[in-house]
Amino acid sequence: MTEKTMTVTVAYGTTKHSITLTAQDGHAALLKDLCEALTEATGVPIPSQKVIFKGKPLKEMEEPLSSFGIKQGCKLMMIGKRNTPEEEAGLKKLKDIEKSVEQTVKKLEKVDGELAGLKNGFLAKELQAEALNKLDHRVKVAAEQFMKILEEIDGMNLPESLSDWRMKKKGLVKTVQGFLAQCDKIEAGISDHLAKIQTKNLALAE
């Protein structure tokens, strides 16, 4: 593996930050990599950063630094403001909510997979009704969790300054609503399969 490092100096306010970036396997460091390193060094989030080189603001995040003429030892400047404690708290809460959405989705996917297995006859017929009832309970728990998440998002007050995150919040509501619809679909699938089993059992009993 070939590794090339490049160190640049970025002035932010009265402080100068020495930023070292590593290119791996021939992939040159991108502007995005520099901005991420600057967030760590200064606490200024990427959307608030304005990186300037030779009087020109750099915007194309996926472009390699070399395409802007930046090489070892170059000096750049960054302007931008750190988040206020209120903004940081809002961002943290939104990230926590995103994590809890991911965890609940994993549980839902597991139920969906197990239901598909039951439909394919991976379990003895006499055990299927009990298994389906358990799956039904798990879907209801996931749906409840999604409802709680929607309430949490609804109760969030993100500062006006976080316009990108306010959009993200809106998107998250749509995503969660989509998963709630999926819960309904899986529940309907469980009821449907349960009804089929019961009909078969009645037919056998007769």
Practice task
Output the residues belonging to the stretch 90-108 that are surrounded by 13 or more Cβ atoms within 10 Å (Cβ to Cβ) and either in contact with a strand residue (DSSP E or B) (Cβ under 7 Å, 6 or more places away or on another chain) or without any contact (Cβ under 8 Å) to a residue 40 or more places away in the chain (or both).
Solution key: Lys107
Problem - Leading residue by the ranking (farthest from Gly26 (Cα to Cα)) among those in the stretch 65-80 that are crowded, with 16+ Cβ neighbours inside 10 Å and under 32 Å from the mean Cα position of the chain (by Cα) - result: Gly80
Problem - Residues being in contact (Cβ under 8 Å) with a residue 24 or more places away in the chain and either among the aromatic types (Phe, Trp, Tyr) or over 30 Å from Asp136 (Cβ atoms) (or both) - total across the stretch 159-181 - result: 8
Problem - Close pairs from the stretch 121-146: first over 29 Å from Val176 (Cα atoms), partner open to solvent by less than 70 Å² (accessible area, probe 1.4 Å) and not in a helix (DSSP H, G or I), Cβ under 9 Å, at least 6 apart - result: Gln128/Gly121
Handout entry: Search result, residues across the stretch 1-60 that are polar (S, T, N, Q), open to solvent by less than 70 Å² (accessible area, probe 1.4 Å) and in contact with a strand residue (DSSP E or B) (Cβ under 8 Å, 6 or more places away or on another chain)
Key = Thr7, Thr9, Thr22, Thr42, Gln49
Exercise for the section: Scan (1) in contact with a Ser or Thr (Cβ under 8 Å, 6 or more places away or on another chain); (2) touching a residue at least 60 places away in the same chain (Cβ under 8 Å) for the single condition His17 breaks and write down its number. Expected result: (2)
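The values are calculated or read from the model by the stated rules, or taken from the named source; none is laboratory data. Every value quoted in this text rests on a predicted model; they were computed, and no experiment measured them. Cβ coordinates were reconstructed from backbone atoms using ideal geometry, including for glycine residues, and neighbour counts include every protein chain displayed. Heads up: the accessible areas ignore ligands, DNA and RNA and are worked out on the full protein's heavy atoms, side chains in. Shrake-Rupley method; radii C 1.70, N 1.55, O 1.52, S 1.80 Å.
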